[in-house]
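The values are calculated or read from the model by the stated rules, or taken from the named source; none is laboratory data. Not measured: the values here are computed from a predicted model. Here Cβ is always computed from backbone atoms with ideal geometry, including for glycine, and neighbour counts include all displayed protein chains. Please note that ligands, DNA and RNA were not included when accessible areas were found on the heavy atoms of the full protein model with its side chains. Shrake-Rupley method; radii C 1.70, N 1.55, O 1.52, S 1.80 Å.
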Amino acid sequence: MNIHTYEKAWLIAAMLLIVGFIATITYGSIGLGIAMVDDEGGSIDPNEVFDHEEFSDPGVQQVGEDEYEVYVRAQTFTFVPDPIEVPAGSEVTFHVTSPDVIHGFSVVGTNVNTMVIPGEISTMTVEFDEPGEYGLVCNEYCGPQHHEMSGQLIVTPEEDFDLTELSAEAPDEVATGEEIEVTATVTNGQLEDLDTTVTAEIGDVTLEEDVTVAGDSSEEVTFAVDSSDLGEGEHDWTVTVDDYEESGQVTVGTDEDDENDESDDTTDTEDDNE
Ligand code: CUA
């Protein structure tokens, strides 16, 4: 059979086009790592999201040397936690679910993008090579404030990243001559031990103590100052651990009534990663 040269050329061109189409579709569905929401991440009773071990208090956890798990609640009309902070250069697995309606979880400018369906846990693993800040948006219409549902993902340089939390407690008021006790609680959410120094400034007295907080645990450090050394009046106190700081005020007074009424009052402060 004799095929005309032009016809042959067009036949070959058409075949190449078909191969090209198939290659494009295959690359788009496999090569980019796009997956449909499935039950791989597990299912969850949407009514029990707030009682769930991880989703009741969602956040970042270290599970291996360079491996982190992030639990996120997408709910009307916010992401919890917000902002989310993860280290660069680590494998980060997001687990996202919703206690109410369908939301989206999209990290702007990346291909991290999933539908969040009540009853399903969407799971994605990503590695952010460079530090930076990304927006989080919900891209499924979820109600009147859908357009305001946004958050922030902060990718921190590996050496600056920690999962340290500091909280501090001190009395609001003490009688002259009593001790002022400031108690700092340092929590280390990472797997490695945290060697650090807790510094307390109470009035013009500065105290320091070195602590080692084992991985995934916390340590309490109590600093005491004789209130008569500070004198009557209001005194500021500050507790510092690395980049974290908590502060308050204590009044040293002689009023007997106040002392009896209020000496038990304490100020609680708490702060997560900043
Ligand atoms: Cu949540 Cu739109």
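See the values below:
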read-out: Hits in the stretch 127-149 (condition: within 11 Å of the ligand (Cβ to nearest atom), open to solvent by 60 Å² or more (accessible area, probe 1.4 Å) and outside any loop (DSSP other than H, G, I, E, B)); value: 147, 148
read-out: Matching option when the condition is acidic (Asp, Glu), open to solvent by less than 40 Å² (accessible area, probe 1.4 Å), farther than 29 Å from residue 75 by Cβ and outside the structural domain of residue 91 (by TED's automatic domain parsing), among 173, 201; value: 173
read-out: Residue in the stretch 100-116 that is nearest to the chain's Cα centre (by Cα), counting only those that are more than 12 Å from the ligand (Cβ to nearest atom) and in contact (Cβ under 8 Å) with a residue 24 or more places away in the chain; value: 107
read-out: Residue within the stretch 29-36 that is away from the ligand (no atom under 16 Å from the Cβ), under 15 Å from residue 122 (Cβ atoms), without any contact (Cβ under 8 Å) to a residue 24 or more places away in the chain and loosely packed, with under 10 Cβ neighbours inside 10 Å present; value: yes
read-out: Residue in the stretch 131-153 that is over 30 Å from residue 40 (Cα atoms) and hydrophobic (A, V, I, L, M, F, W, C) present; value: no
